[in-house]
Amino acid sequence: MNKKVAIVGVGMDGGGTLTAEAREAVENAGELMGAGRLMELFSHLDKPRFVSYNAAEIAERIAGSSHKNIAVLMSGDCGFYSGAKGLLLLLGGCEVRVVPGISTPAYFCAKLKMPWSDLCFVSLHAGEGNIVRPVLSHRKTFFLLGGRMTPAALCQRLDEYGLGGLTVHVGENLALSGERLITARARELTEIETGPLCAVIVENPNYERSLRSCIPDGEFVRGKAPMTKAEVRGVAVAKLDIAPEDTCWDVGAGTGSVSVEMALRCGMGRVYAVEREGEAVELLKRNRIKFGCDNIEAVHASASAALPSLPRPDRVFIGGSGGELTEIAALIRAKNPDAFVAATAVSLETLCSLTKLFDSDCEITQIAVTRTKKIGAHTMLSAENPVFIVKGRLK
C-alpha cells in the first residue's frame, strides 16, 4: 500500500499556533507519530499513536502501519533544527509532503516586536557550543537552548568574556502555560532560574564588521612563549582556507596567536590548541578571553599525548613539534588523511624534514618580512628572519 506521509510542524503548542493546513493534516491522518510531548497535544483525537524521537524507528513503523495516511508531528517548524531532515531521507517509497509550522524564532520575535530576518541561529540543544564568537560577529544571535545550557549559563559565559553589558532576551515556555519573557543585561541574568524550554536572543550593536587577519603582535598578551609573527600568521592561516564549521588543530600553539586567527574563521567550529608548556597555556587562555574566542579549547599536553583523543581535524597548523614531527604527521593522517596542513620552518633542516612528510603537490612559500623603525630622525629597515610555509596534504 502506497503510504501518504505528512511531516507536520505543529507550531509552538499544537493549538493557537497550529496552522489550518497542519490541523487538516493531523485530523485526516489514520495514525499519528512523533515525540511524546507532541502526542499529548493531540490526545483528544481518537487515533492510534506511535511515540518515538528516532527517525529510523518512525520510518520502520510507517512501513509496517496498516494506515495509508500518516502524520508525523514535529515541534515548531519542520525546517528549523527539526528531525524532519533525517526522516525525509528514509521515506523514499512514500508520498511525502512537508507542512510548515510557526517556529520558535518567529514566535519569539513577534512577542518582542522584533524582525528576525537578520538573526544568526545557534542550536545549543545538545548541550555545549560556541556562544561568544557568534555574538561578537553578529548584531543579533538566537540561541535554542536545552540540556545543560541554560539562560544563566549562557549569560555567565558572556559576562566571563566581558560582554555582561549586552542586552539579552529570554523566552521561557513560549506559547505554553507559564510563558515568561525577560529582557535585561547579561550580567543581571547570571543567576536566573528557568525551566528547560527556553530560547535566548542576544543583541550586540557593536558587533565585528570585518574578519581580522594579521593581528598586530602587540595586541596579544605576551610572555616568554614563542609566537608566530603577524605576517607569517596571516599567510599561513589564509592558506588553510578555513570554513565556518571546521574543526582545527593548532599544534605547538604557544601564546595562541594562530589559534585566535583560526577561531575567528571557524566561528561555528572549534580550535584545539595543543601546547605542552604550562606558562604558554595560561597566555593562550588569556588571549582566548581577550579576543572573544570561546571556540578555542586549550589542551595542556604534548602533541603525541593529546592528538589521539582529539576530534577529527579539517585543518591543522603545526607551529612547533617538540621533536615529534614524524609522529605528529602520523597521528594527523590516522585521524584524517584528507586534512589540509600548514607548517612553518625557520631552518633548512626543518624544511627538509617537512618536505619528506607532505605529498608531491604540497606548496612551499618563503616569506621575508621587513619592517620599519625610527632611529632618531631616520626611518630604518629592520628585517625579520625568513620563514618557510609548507601547505598541503600529508603522505
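The values are calculated or read from the model by the stated rules, or taken from the named source; none is laboratory data. If you're wondering where the values come from, they're calculated on a predicted model, not measured in any experiment. Backbone-built Cβ (ideal geometry, glycine too); neighbour counts: all protein chains shown.
Observations on the structure shown:
- Selection status of Asp314, outside the structural domain of Cys120 (by TED's automatic domain parsing) and touching an Asp or Glu at 6+ places or on another chain (Cβ under 7 Å): yes
- Subset of region 197-213 [among the hydrophobic types (A, V, I, L, M, F, W, C) and part of a loop (DSSP other than H, G, I, E, B)]: Leu197, Leu211
- Boolean, Thr372 is assigned to a strand (DSSP E or B) and over 19 Å from Val260 (Cα atoms): yes
- Subset of region 11-41 that is touching a helix residue (DSSP H, G or I) at 6+ places or on another chain (Cβ under 6 Å) and either assigned to a loop (DSSP other than H, G, I, E, B) or surrounded by fewer than 17 Cβ atoms within 10 Å (Cβ to Cβ) (or both) - its residue that is modelled with the highest pLDDT: Met12
- Region 55-84 - residue that is over 14 Å from Gly34 (Cα atoms) and part of a helix (DSSP H, G or I) and, of those, nearest to the chain's Cα centre (by Cα): Ala63
- Filter pass, Gly234 being of a type in the set (Gly, Ala, Ser), more than 29 Å from Thr370 (Cα to Cα) and surrounded by 17 or more Cβ atoms within 10 Å (Cβ to Cβ): no
- Listed by first and then second residue, the pairs with beta-carbon distance under 6 Å, at least 6 apart or on different chains, first residue in region 33-57 and under 16 Å from Ile7 (Cα atoms), second surrounded by 15 or more Cβ atoms within 10 Å (Cβ to Cβ) and basic (Lys, Arg), are Met39/Arg49; Phe50/Arg61.
- Residues that are surrounded by fewer than 23 Cβ atoms within 10 Å (Cβ to Cβ) and on the phi < 0 side of the Ramachandran plot, drawn from region 314-328: Asp314, Ser321, Glu324, Leu325, Thr326, Glu327
- Residues that are at positive phi and either surrounded by 15 or more Cβ atoms within 10 Å (Cβ to Cβ) or assigned by TED's automatic domain parsing to the domain that holds Val10 (or both) were ranked within region 155-197; the one that is farthest from the chain's Cα centre (by Cα) is Ala175.
This table checks each residue for (1) of a type in the set (A, V, I, L, M, F, W, C); (2) in contact with a strand residue (DSSP E or B) (Cβ under 6 Å, 6 or more places away or on another chain); (3) closer than 30 Å to Asn204 by Cα; (4) assigned by TED's automatic domain parsing to the domain that holds Gly146.
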{"residue": "Ala56", "(1), (2), (3), (4)": "yes, no, no, no"}
{"residue": "Ser66", "(1), (2), (3), (4)": "no, no, no, no"}
{"residue": "Phe80", "(1), (2), (3), (4)": "yes, no, yes, no"}
{"residue": "Lys85", "(1), (2), (3), (4)": "no, no, no, no"}
{"residue": "Gly92", "(1), (2), (3), (4)": "no, no, no, no"}
{"residue": "Arg97", "(1), (2), (3), (4)": "no, yes, no, no"}
{"residue": "Pro115", "(1), (2), (3), (4)": "no, no, yes, yes"}
{"residue": "Leu119", "(1), (2), (3), (4)": "yes, yes, yes, yes"}
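- Looking only at residues of region 367-384 that are surrounded by 11 or more Cβ atoms within 10 Å (Cβ to Cβ) and not charged (D, E, K, R), we find that the one that is farthest from Val235 (Cα to Cα) is Val369.
- Leu87 passes every criterion in (1) over 23 Å from Pro196 (Cβ atoms); (2) crowded, with 21+ Cβ neighbours inside 10 Å; (3) without any contact (Cβ under 8 Å) to a residue 60 or more places away in the chain apart from (3).
- Residue list for region 365-394, restricted to those being free of Cβ contacts under 8 Å to residues at least 60 places away in the same chain and within 28 Å of Pro313 (Cα to Cα): Gln366, Phe388, Val390, Gly392, Arg393
- Which numbered condition Ala243 fails, given (1) under 18 Å from the mean Cα position of the chain (by Cα); (2) part of a loop (DSSP other than H, G, I, E, B); (3) under 30 Å from Lys111 (Cβ atoms): (3)
- Residue that is under 28 Å from Leu158 (Cα atoms) and out of contact with any helix residue (DSSP H, G or I) (no Cβ under 7 Å at 6 or more places or on another chain), where the choices are Lys356, Lys373, Lys290: Lys290
- Qualifying positions in region 352-366 - surrounded by fewer than 19 Cβ atoms within 10 Å (Cβ to Cβ) and not hydroxyl-bearing (Ser, Thr, Tyr): Cys352, Lys356, Asp359, Asp361, Cys362, Glu363, Ile364, Gln366
- Leu145 being in contact (Cβ under 8 Å) with a residue 12 or more places away in the chain, surrounded by fewer than 22 Cβ atoms within 10 Å (Cβ to Cβ) and closer than 27 Å to Thr19 by Cα: no
- Members of region 64-81 found to be surrounded by 19 or more Cβ atoms within 10 Å (Cβ to Cβ) and among the polar types (S, T, N, Q), listed by number: Ser75
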